[in-house]
Each structure stands twice: as C-alpha cells, then as structure tokens.
Amino acid sequence: MNNNELTVVTYHYVRDVESTLWPGIKARGVGEFEAQVKWIKENYYLLDTKELKAVLGGRMRVPKRGAVLTFDDGYMDHYQTVMPILRKYEAWGVFFIAGMAVNENVVMDVNKIQFVAAAVDIHDLGVEIKAFVDEQQGEEGIKTWELYRQEYEKPGRFDGPEIVLVKKMLQFGLPNGNGFREQLVDDLFRKYVTKNEADFSKELYLDVNQIHEMWDEGMIIGNHTYSHKWLGKMSDAEQKEDIIKMDKLLNDWGVVDDLSLMCYPYGDSNEATWKIMKELKYDAAFSTVGEVADVRFGSIYSLPRLDTNQLPVWEIAGAISPGVS
C-alpha cells in the first residue's frame, strides 16, 4: 500500500441480527462490528478530521495504512449501536444523512424495498411484480417481463440474479413519470410491512437531536442528498436542487463543519454531479465502488470505498471468517 491510498470503509445497518424483528435485513452484527473496529484500530491509522481535510486538499500525503469509517443513510443503528463502540475504541466516523427521511418522517424507497424483500419470499415477490407488469402492458414506458429479465436478472456484488432483478425493478426499472414505480413500492410496503409509515420511519432513522449529539462528539455529518434518489437519472438542475436542499438542512440543524463531504445514493453520479460538487466547493464525494481510494491520482469527487463485507470479520473470541452480512 503506497501513501496515496486511503482505505474508506462503509457501513449501513449495524444491529443484533439474531434478535431483530427483521432478520432478513442484511446487517453487520454488533460483535462483528466491534471486532472490525478493533482490528482496524490495530492495523490501520484512522485519520482525524484535520488530517483528512489536508489529505483531500493535497496538502498532506496519506499516513501509512490510513483509513476512514463511513456510515450511510442515517439509521437509528448508528446512534444506538455504532456510537458506543466508536467511543470505546476512541474512533470516529462520517455519517451521511438523507434529509427527507429525518425531516418528513417518511421511509426512503431503498428501505421500503429492503423491508418488503425481507418480509416476502423473493420468488413470490418477483411473481407479484411480473403480474403488475403484465397488467400494465400497453402503458407508456412499460416493457415486457422478458425484456426486464434480460436487462436486470444478473448476479450482483452481494445478491443473486433473482434478488437483483426484483430490486432493480423497484428501484428504477419501472418508469416513474407515470407514478407506476412509486405506487407499486408504496403498495407493497403497506401490504407487507406497515401502514404506519411515519412511526416506522421514527424507529428506523436518527432524529435531529441524536444527529446533533453525534456531531457534538466529533462525528462528521455529511450530505447524502435530500431525497436519496439516483442522481445520475436526474436532470442537472434536479441534482443541484436536491444537493443544495440537503446543504441548507445541515445548516439549519447546526451540524456543518469545515470538512464538506458527499456520499452519492446508490453510488450513482455523472459528470454533472462532479461539476456541482466542484461548484459547491465540496472537499470530496464518495461512490460505492469497492476499492481502496487513490487520493492523488483518482477523482476527488468519485472516491471508492470498501464495503464492510470486504474486510475480515473477527469474532470477539479471535476467530476469523469472511464477511457474510
């Protein structure tokens, strides 16, 4: 590893997998997370915020085996589970918040899809989506089920082909201009998860007081856009509006630092996004590409990150096993 390379690790759900009401949600277990943090502290150098800003600005080389921890989406897990472990090991992290979930007590599409998929057999869910597609044949933008299968039914980094097909159909495969996709996702969420979206949201995500408490303890609160939509599928003007709306919210919450960081929802961005980042004077922005970042030769506005699954999982007893969450 050369001293241009920065290991940025990303986490989403961190929870007691065995006792949760939603065991189908892929999560890093509490013991696994603590073991990874301990291992990272023993084998890497966690940059502090001043060092990270200097590295990103090209004023400092990356310390040997330099690393940063990041946490996406603003889950309650991050306050209840992650923060006590970070305190224990004198570690810190960057927490990327999507504003709509916190500000409006709604559940983001990505999470509606995850919880529906956790509640229903994935094959049965695929059959239900196929039936919907078949019913909508002839409507503008609706393809045949076979064409959708050819386009999306392929293995992903952590999911099998059938799961990838279902997720992509619900994320962006179905056209949204006519409301088909959003309506189907909402209907499935109400049918299989809950009709009380607001209460579910309050249990799933951080609130403003918790975010501010984490910021007070030295955590960086980053921009994950307001709506958590696919930026690369939005117009330039829509992208900028969504990003600035979240900037304003962070200012309103009083959690703005000298270090401005962005994480793209789904890792999705394009040249327009990078131009906006430069225009808004962001220090850096992160994707979901599973690589170690090269801060000298890579684009500062599309830095890759390793997923927690790409690190070893250390059991507290000392055994090592590959990541499985």
How far is helix 30-43 tilted off the main Cα axis of the chain, in degrees rounded to 10, range 0 to 90? 40
Which one of 299, 235, 269 has the biggest mean-square fluctuation once the chain is modelled by GNM with Cα springs under 10 Å? 235
Express in whole angstrom the spacing between the alpha-carbon centres of the range 184-223 and the range 15-44. 20
In whole angstrom, and with the biggest value first, how far do the Cα coordinates of the chain range along each principal axis? 58, 48, 38
Given the options 12, 123, 212, which has the most mean-square fluctuation in a GNM of the chain, springs set between C-alpha atoms less than 10 angstrom apart? 123
Taking the chain as a Gaussian network, where each spring joins two C-alpha atoms under 10 Å apart, which residue of 232, 138, 126 fluctuates the most? 138
Which one, 114, 141, 194, projects farthest toward the positive side of the charge dipole computed for the range 109-198 from Cβ point charges (K/R +1, D/E -1)? 114
What is the Cα coordinate range of the range 217-303 on the first, second and third principal axes, sorted by size from largest, in whole angstrom? 33, 32, 21
Compute the orientation-averaged projected area for the range 178-252 from the convex hull of its Cα atoms and round it to one decimal in nm². 6.7
How about residue 275: which lysines have a C-alpha closer than 25 Å to its C-alpha, ignoring those fewer than 8 places off in the same chain? 50, 53, 229, 233, 240, 245, 248
The range 195-226: GluC sites (Glu not before Pro) in DSSP coil with no more than 15 other Cβ atoms inside 10 Å: 217
Magnitude of the Cβ-charge dipole of the range 22-66, K/R +1 and D/E -1, about the Cα centre, nearest 20 debye? 260
In degrees, nearest 10, range 0 to 90: what is the angle between the Cα axis of helix 122-135 and the longest Cα principal axis of the chain? 50
For every helix of n ≥ 4 consecutive DSSP H residues, a contribution of -39,500 (n - 2.57) applies; sum these over the chain, divide by its total residues, and give [θ] at 222 nm rounded to the nearest 500 deg cm²/dmol. -12000 deg cm²/dmol
So how tilted is helix 236-253 from the main axis of the chain? Cα-based, degrees 0 to 90, rounded to 10. 60
Here the relative contact order (percent) of the chain, from C-alpha pairs under 8 Å and at least 6 apart, is 23
In square nanometres, what is one fourth of the surface area of the convex hull spanned by the alpha carbons of the range 109-198? 5.7
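We did not get these values from a lab; they are worked out from the coordinates using the rules stated. What you see is a predicted model, and the numbers here were worked out from it, not measured in a lab. Note that we place each Cβ from the backbone using ideal geometry, even for glycine, and neighbour counts take in every protein chain shown.
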